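Nothing in this text is a laboratory measurement; each read-out follows from the coordinates by a stated rule. The shown structure was predicted, so the numbers you read here are calculated from the model rather than taken from an experiment. FYI the Cβ positions are ideal-geometry reconstructions off the backbone, even for glycines, and counts take in every protein chain you see.
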Amino acid sequence: MKIYFAHSFRLRNTQTEKELIEFLKQFGEVINPFDREDELEAKFKAPYYALDPPSIEYSREIALNDLNLVSQSDIVVAYVSHAQVGTWFEVCHAIFNCGKKVYVISPQHSPFYFLDGITWIKNIENLKEVINEC
């Protein structure tokens, strides 16, 4: 199973990101959209979030790459710790354009977590039993 791991750039290269990816690996191949960041930073000669404003070309390359990776996945696991436009765009693409099942891990609830296609999981401990049902 291919698992797209949607999460904020703020989680990139943190211990939490590493632990979540290791956890998800027991269920299948984990697709991390940030794996390509080093390549893009070299191509555009700067980290994306250091640019103000970033170029349209850089922005589109990130967005289209991420959406393509969502399309290639079997399911999406989204870690939501705060308002994250990119993560929610990926979630909506997965549900409405690709018909994917999405699991949202978030300590806080939202009315959007109860849309068809989304399973809300309050904490990581509950993820294992829910993913095993896939």
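Look at [x] 2, 10, 21, 24, 21, 12, 7, 3, 0; [y] 2, 7, 5, 5, 5, 5, 5, 4, 5, 4, 4, 4, 4, 4, 3, 3, 3, 3, 3, 3, 2, 2, 2, 2, 2, 2, 2, 1, 1, 1, 1, 1, 0; [z] 2, 8, 12, 11, 10, 10, 8, 7, 7, 7, 6, 5, 3, 2, 1, 0: the one that is P(r) over Cα pairs in 5 Å bins from 0, in percent derived from this structure is [x]. Considering only 92, 110, 21, the residue lying farthest towards the positive end of the dipole of the chain is 110, judged by Cα position with unit charges set on Cβ. For segment 91-125, chymotrypsin sites (Phe, Trp or Tyr not before Pro) meeting the loop criterion (DSSP other than H, G, I, E, B) and having at most 13 other Cβ atoms within 10 Å: none. Helices of the chain meeting both criteria, an alpha-carbon length of 18 angstrom or more along the long axis and an average Kyte-Doolittle score not below -1.0, with helices taken as full DSSP H segments, are 56-72. For segment 1-62, the list of trypsin sites (Lys or Arg not before Pro) that fall in a loop by DSSP and count at most 11 other C-beta atoms within 10 angstrom reads 45. Each Lys or Arg adds one and each Asp or Glu takes one away; over the other residues whose Cβ falls under 10 Å from the Cβ of residue 1, this sums to -1. Summary value for segment 2-131: 25 percent relative contact order, contacts being C-alpha pairs under 8 angstrom separated by 6+ residues. Would you pull out the residues with amide H under 5 Å of residue 100's amide H, same chain only if 5 or more places away, H placed 1.01 Å from N? Under 5 Å from the amide H of residue 100: 95.
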